[in-house]
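Report on the structure given below.
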Amino acid sequence: MSEPLVIVGNGMAAARLVDELAKSALGRYAVAVIGEEPRLAYNRVLLSSVLAGETGSHEIELRPAGWWRHRGVTVRYGYRVTEIDVGRRELKIEGEESMEYSKLVLATGSTPLRLNLPGADLAGVHTFRDTRDVDLLLTLAAAKKRVVVVGGGLLGLEAAYGLAKAGAPVTLLHLMDRLMERQLDGPAADLLKTLVERKGIRIQLNASTARIHGDGHVEAVELADGGRIEADAVIFAAGIKPNVALAKEAGIAVNRGVVVNDVMQTSSSDIFALGECAEHRGTCYGLVEPAYEQARVLARHLAGRPAAYQGSVVSTNLKVSGVSVFSAGDFMGSESLVLSDRRRGTYKKLVVADGRLTGAVLIGDTVDALWYLELIRNRDKVAAIRTDMMFGRALARPSKAA
């Protein structure tokens with residue numbers, strides 16, 4: 001008889017785990033997926049494309065209903081798990097009876113940070129994290145409302161781009177001295193700022209938001225330096241935090257995220273965690289690729305096969321506000337090769353240490369991004385291609401690499 005395995009969360013990590021389990025442990029588990037969002041799992045990375053009108057909401061669905069059904073998976077979306085009873089191996093679901101499990105996987109993702117500012121509770125203050133947020137922002141854009149986006153990381157840039165393309169006047173505020181400071185060096189961030197501003201988005205760096213003004217509804221944003229920006233709405237996109245409430249209340253070990261070992265096991269032996277809610281060796285990854293790598297390891301472990309997650313080489317390979325951006329590894333090393341062409345909107349930086357490629361940043365031209373990532377992950381020697389690798393795989397002829 002199949003063991004009941006329950007996955008809490010119906011996002012990208014959960015969908016990948018089900019896919020991996022179907023390959024390695026088909027029939028071993030009776031899998032149920034419970035998700036709070038009122039729809040099947042979708043590609044969260046494409047939310048800005050939906051906001052910008054480039055992609056339909058239905059097009060970002062990861063798998064159709066039939067895919068889940070054919071794999072024997074019970075999917076219950078629009079349901080919130082309120083409690084984990086570790087002793088009885090039971091979940092309590094809001095408005096429903098409890099559900100038993102033999103194995104439990106937490107894939108609860110993250111929640112958006114809402115800055116603790118005066119006026120943050122006014123009507124017109126929103127976040128940008130799921131499809132429900134997109135619906136709200138589309139309404140703002142259609143009405144040509146003036147929007148201030150707080151946060152110049154990936155989420156903030158995507159929200160600003162989607163809103164601007166949908167027709168809203170947008171100002172983006174970022175506390176730091178450059179955009180996407182965790183993924184880009186100074187020159188790359190400066191070029192990205194120029195390219196984004198060409199799309200009609202006003203950007204202010206070193207901008208500390210002090211308060212939001214309004215009489216019941218947003219009217220303006222005040223900065224720490226006394227500056228004031230008139231606005232009809234404010235979008236907080238200043239980061240995310242792992243959603244650990246369920247685990248913490250159940251007595252499962254939590255730091256910033258749900259603490260897991262190399263097989264994604266929590267402090268409770270039959271409970272596992274992966275994706276944005278998990279903390280492995282002190283690191284919480286807020287990106288999709290590490291979640292997919294974790295899902296592969298966990299599926300192998302649940303199938304009774306040897307597996308161990310060693311951590312991920314963090315990389316970003318996306319269109320950010322319509323601009324192709326790639327970043328991987330340690331991009332701030334001292335030995336670097338740089339090619340910059342602002343007129344064409346391209347920038348390349350390759351970082352080398354001990355004869356190996358250890359980091360890369362690309363803006364505009366990201367055709368060879370996956371090759372660079374492969375070199376970084378495999379720790380390949382690059383002495384034989386050092387002169388040519390800046391110009392891409394075709395010219396570098398990687399077969400010559402030592």
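The values are calculated or read from the model by the stated rules, or taken from the named source; none is laboratory data. Bear in mind that the values here come from a model prediction, so they are computed numbers and not experimental data. All Cβ positions, even for glycine, are placed from backbone atoms using ideal geometry, and neighbour counts span all protein chains on display. The area values use the complete protein model at the heavy-atom level, side chains included, leaving out ligands, DNA and RNA. Shrake-Rupley method; radii C 1.70, N 1.55, O 1.52, S 1.80 Å.
Descriptive notes on the structure:
- Diffusion coefficient (Stokes-Einstein, Kirkwood radius over C-alpha pairs, 20 °C, 1.002 mPa s) for segment 1-89: 152 µm²/s, rounded to a whole number.
- For trypsin sites (Lys or Arg not before Pro), the sites in segment 42-110 that DSSP calls loop and that have at most 16 other Cβ atoms within 10 Å are Arg71, Arg80, Arg88.
- Normalised contact order of the chain, rounded percent, pairs of Cα under 8 Å and 6 or more residues apart: 14
- When the trypsin sites (Lys or Arg not before Pro) in segment 145-209 are filtered for DSSP coil states and for at most 13 other beta-carbon atoms within 10 Å of their beta-carbon, the remaining sites are Arg182, Arg198.
- Comparing Tyr347, Tyr79, Val149 along the charge dipole axis of the chain, the residue lying farthest to the positive side is Tyr347, per the Cβ-charge model.
- Contact order for segment 60-217, expressed relative to its length and based on alpha carbon pairs under 8 Å spaced 6+ residues apart, stands at 17 percent.
- Considering only Cα atoms, the convex hull volume of segment 243-402 works out to 143 Å³ per residue.
- Relative frequency of Cα-Cα separations exceeding 42 Å in the chain, percent: 17
- Solution diffusion estimate, µm²/s, Stokes-Einstein, segment 109-154, Kirkwood Rh from C-alpha pairs, 10 °C, viscosity 1.306 mPa s: 132
- Percent carbon-and-sulfur accessible area, segment 304-402, ignoring ligands, DNA and RNA, probe 1.4 Å: 50
- If you take all other residues with their beta carbon under 15 Å from the beta carbon of Asp330, and give Lys and Arg +1 and Asp and Glu -1, the sum is +1.
- The residues packed around Ile201, meaning those with a beta-carbon under 12 Å from its beta-carbon, carry a net charge of +3 if Lys and Arg are +1 and Asp and Glu are -1.
- The relative contact order of segment 1-119 comes to 34 percent, based on Cα pairs under 8 Å that sit 6 or more residues apart.
- Modelled spin labels at Leu223 and Thr346, positioned 7 Å past Cα toward Cβ, are 3.4 nm from each other.
- For segment 197-242, the calculated P(r) over all alpha carbon pairs, in 10 Å bins from 0 to the bin holding the longest distance, is 22, 49, 26, 3 percent.
- For Thr111, distant residues with modelled amide H under 5 Å away: Lys241, Asn243
- Here the sum of -39500 (n - 2.57) over DSSP H runs of 4 or more residues, divided by the residues of the chain, equals -6500 deg cm²/dmol at 222 nm, to the nearest 500.
- Portion, in percent, of the accessible area of segment 1-147 that falls on carbon or sulfur, probe 1.4 Å: 47
- Overall form of segment 294-369 per C-alpha gyration tensor (a/c, 1.5; a/b vs b/c): oblate
- Pairs beyond 31 Å (Cα-Cα), from Lys103/Lys241; Lys92/Lys319; Lys241/Lys319; Lys23/Lys381: Lys92/Lys319; Lys23/Lys381
- Computed with a 1.4 Å probe over protein heavy atoms only, the accessible surface of the chain comes to 45 Å² per residue.
- Taking the centroid of alpha carbons for each part, segment 316-341 and segment 94-159 are 28 Å apart.
- Spatial separation of Cα centroids for segment 25-41 and segment 195-263, in angstrom: 31
- Environment charge at Leu47 (Cβ cut-off 14 Å; Lys +1, Arg +1, Asp -1, Glu -1): -2
- Placing unit charges on the Cβ atoms only, positive for Lys and Arg and negative for Asp and Glu, gives segment 256-303 a dipole magnitude near 60 debye about its Cα centre.
- Options Asn378, Val8, Ser324, ranked by Cα towards positive dipole end of the chain, top entry (Cβ charges): Asn378
- Rg to Rh quotient for segment 46-140, alpha carbon positions, Kirkwood Rh: 1.05
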